[in-house]
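Everything on this sheet refers to the single structure shown next.
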Amino acid sequence: MTLRRVDLGAVDDFADGQARRVELAGRGLVVVRCGADIHLLRDICPHQGARLSDGQVTGTALECLPGAEIVLGRDGEILSCPWHGWEFDLATGDMVADRKFRLRKYDVVEKDDGIYVVV
């Protein structure tokens, strides 16, 4: 089997902290740039099939007292589903609340200011 590198676009094409859908051989993937880190995951929520690229890049709520201001931890590291709020760790693809659910994560290569996936 021969592996090939597929160009997903220039790094600057992806806004920092924003989810963006790309198509690869008819399959939807979501790219999220977090500073110097690039994450590439399957763009479908395992719950009911929502496009995660329509979701928000957020953090997790830290423990606080009732009525206190909600403070986010891991800000910019979590992708939230737009339909029901399921949250996924961008670094691993694991669901935050229940690790038996996960998204397929793809390895990316950044070279010459471009983002590539090996398929």
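The values are calculated or read from the model by the stated rules, or taken from the named source; none is laboratory data. The structure presented is a predicted model; accordingly, all values stated were derived computationally and were not measured. Neighbour counts are summed over all protein chains in view; Cβ atoms, including those assigned to glycine, are modelled from backbone coordinates with ideal geometry. Note: areas computed on protein heavy atoms with side chains; ligands, DNA, RNA excluded. Shrake-Rupley method; radii C 1.70, N 1.55, O 1.52, S 1.80 Å.
Quick notes on this structure:
- Residue check for T92: touching a residue at least 12 places away in the same chain (Cβ under 8 Å) and assigned to a loop (DSSP other than H, G, I, E, B): yes
Results for (1) in contact with a strand residue (DSSP E or B) (Cβ under 8 Å, 6 or more places away or on another chain); (2) within 27 Å of L3 (Cα to Cα); (3) at pLDDT below 95, shown as yes or no for each residue.
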| residue | (1), (2), (3) |
| --- | --- |
| R27 | yes, yes, yes |
| D43 | yes, yes, no |
| S53 | yes, yes, no |
| G59 | yes, no, yes |
| E63 | no, no, yes |
| E69 | no, no, yes |
| D75 | yes, no, yes |
| L90 | yes, yes, no |
| Y106 | yes, yes, yes |
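- Some residue of segment 42-61 being more than 26 Å from D12 (Cα to Cα), in contact (Cβ under 8 Å) with a residue 40 or more places away in the chain and either open to solvent by 40 Å² or more (accessible area, probe 1.4 Å) or outside any loop (DSSP other than H, G, I, E, B) (or both): yes
- G26 vs. criteria on the phi > 0 side of the Ramachandran plot and without any contact (Cβ under 8 Å) to a residue 40 or more places away in the chain: yes
- Every residue from segment 17-33 that is open to solvent by 30 Å² or more (accessible area, probe 1.4 Å) and assigned to a strand (DSSP E or B): R20, R21, E23, R27, R33
- Scope segment 87-108; condition among the hydrophobic types (A, V, I, L, M, F, W, C) and open to solvent by 50 Å² or more (accessible area, probe 1.4 Å); matching residues: A91, V96, A97, F101
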